[in-house]
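Reviewing the structure listed below.
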Amino acid sequence: MFIGLFALLTAILAIDNEGQKAETKKKSQNLEIVKVEEEKIKSEINLFLNVGILDGKNSGKGEDIKWFDEKNIISKPLFVDGGDQIYGLDIMPNMARQTYDLISNNNRILTDYIINNPSKLEVGEHSFFAGVDGTFSSNGGYDNVLGYSSEIENLTLAMDYKVHPQLRIGGGLSLGKSMYDFKDSKSEREDLFFQGNFFLDHINDEKLRFTSLFYLGGTKADLERHYTAVVPDEHPNLNPDKRVDESATSDFGNFYIGLNNQVSKRYDIEKSGISFYYEPRFQINMTYLMQGGIDEESSSKEFDGLNIEKEDSYSLYSGAGIALGKDFKFKNDTQLNLELGVDVFAEMGNKYKELTNDKNFVDRKKAGKNSGKHNTIKGYDSDYITLSTSFRGGYDINESFSLYSGINYDFGENEKKLYGNLGFNYSF
């Protein structure tokens, strides 16, 4: 009997031991599976780290980019979309465009509302100006280059001095902040800017007018760039639906110098008790821009961000147009001016040069050394011919205080911009 019980107990213990072995084996297999999955994920990250794009101009969609790894060119697209985002092809071409737009906005405010709106001075007298302006715009994109909306806050301080019955000179300072939100993206840019201005304004007896504005300034820009990419389901080396969703931040400086010149002549017409004026105008403007390097810091440990080399460019454009307007004078010495303008501009410079990224993904297998070739980013496709339309109004409350507002639409083959502004000036 004891022998039977011992045999039964031995059998039970053996079964339990086999169960423990099976459970241990199962746990070990699960650990191996986890380890394999971890290695697979790690290999995906390594492949992602060691991937770049072939040297050359890349302005197409991410799926059209020729990707390569350390061994050969990847035959299938690395990402369904987002490759253009990772390499900044959707945002970086806009950097110079936004800076040139900011410069143009500063000069437009100074010319339209201060230089062309002088105080009544005698020879030897001077006056001071203080003005605040807010400009809001919507800028179109093209292909995979994103459009954006912008807001520019401008404070202008200036003075002028009448040296001759037909000539006055002056100078001033423009200060402010500009903000840009990219469409269909969480990316954004913010600049603080300053600009020094020196001008002369000459009007002869026949109302032929020549104005010249010399300026130099700079901006401090902060850029936050977001990028999202998805790996295609059919990719042979990566898990389907693998996503990259990261951001990179950077700051960079811009410095510029330029000269604007305009010739115009006002013709006052009065027929049948109706008075108005028209003013043909011609201008030629030059700007030299020095854009600093953009060195990104990424939120991802897998991606080292971009390092865009500094780039100099210049704009040289001429314009011809006409303004048609009317002055409404009221009994209380206030005055309202309404003016419609049309101008055609021809760009002869090289505003938007291609950019060079000299840093790709970090290759941890090589102790942090950069892998992959440098790549270039095609500059914004500038329009040779641009048509600009404008409508603006100014209300002089008295000799010292005036309000103004305007709306403009500029368009060409690639550049489309709708913007409006509201501001006031105080002179004393």
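The values are calculated or read from the model by the stated rules, or taken from the named source; none is laboratory data. Here the structure is a predicted model, which is why all the values come from computation and not from measurement. Using ideal geometry, Cβ is built from the backbone for each residue, glycine included, and neighbour counts are taken over all protein chains shown. Note: accessible area is taken over every heavy atom of the protein model, side chains too, but ligands, DNA and RNA are not part of it. Shrake-Rupley method; radii C 1.70, N 1.55, O 1.52, S 1.80 Å.
Points 7 angstrom from Cα along the Cβ direction at LEU387 and SER299: gap in nanometres?
In this crude spin-label approximation the distance works out to 4.3 nm.
Mind counting lysine pairs for me in segment 128-226? Cα separation below 26 Å, and the two need to be 8 or more apart along the chain or on different chains.
Numbers: LYS162/LYS207; LYS177/LYS186; LYS177/LYS220; LYS183/LYS220; LYS186/LYS220.
Lysine pair count for segment 128-226: 5.
Compute, for segment 80-223, the length of the dipole vector about the Cα centre, with Cβ point charges of +1 (Lys, Arg) and -1 (Asp, Glu) only. Units Debye, rounded to 20.
Values: 12 positive and 21 negative charges, 102 e Å.
For segment 80-223, the charge dipole is close to 480 debye.
Under 17 Å from a point placed 7 Å out from the Cα of ILE322 along the Cα-to-Cβ direction: which residues of segment 389-428 have their backbone N that close?
What the label zone holds, given the 17 Å backbone N cut-off, is 389-391.
Using a 10 Å cut-off on Cβ atoms, rank the peptides 285-298, 341-354 from the highest mean neighbour count down.
Output ranking for 285-298, 341-354: 285-298, 341-354.
THR99 accessible area, nearest 10 Å², 1.4 Å probe?
Approximately 0 Å² of THR99 is accessible to the 1.4 Å probe.
To the nearest 0.05, how large is the calculated FRET efficiency for TYR161 and LYS329 if R₀ is 30 Å and r is the Cβ-Cβ distance?
After rounding to 0.05, the efficiency reads 0.60.
Which three semi-axes in whole Å describe the equivalent ellipsoid of segment 86-130, each the square root of 5 times a Cα gyration tensor eigenvalue, listed largest first?
In descending order, the three semi-axes are 40, 8, 6 Å.
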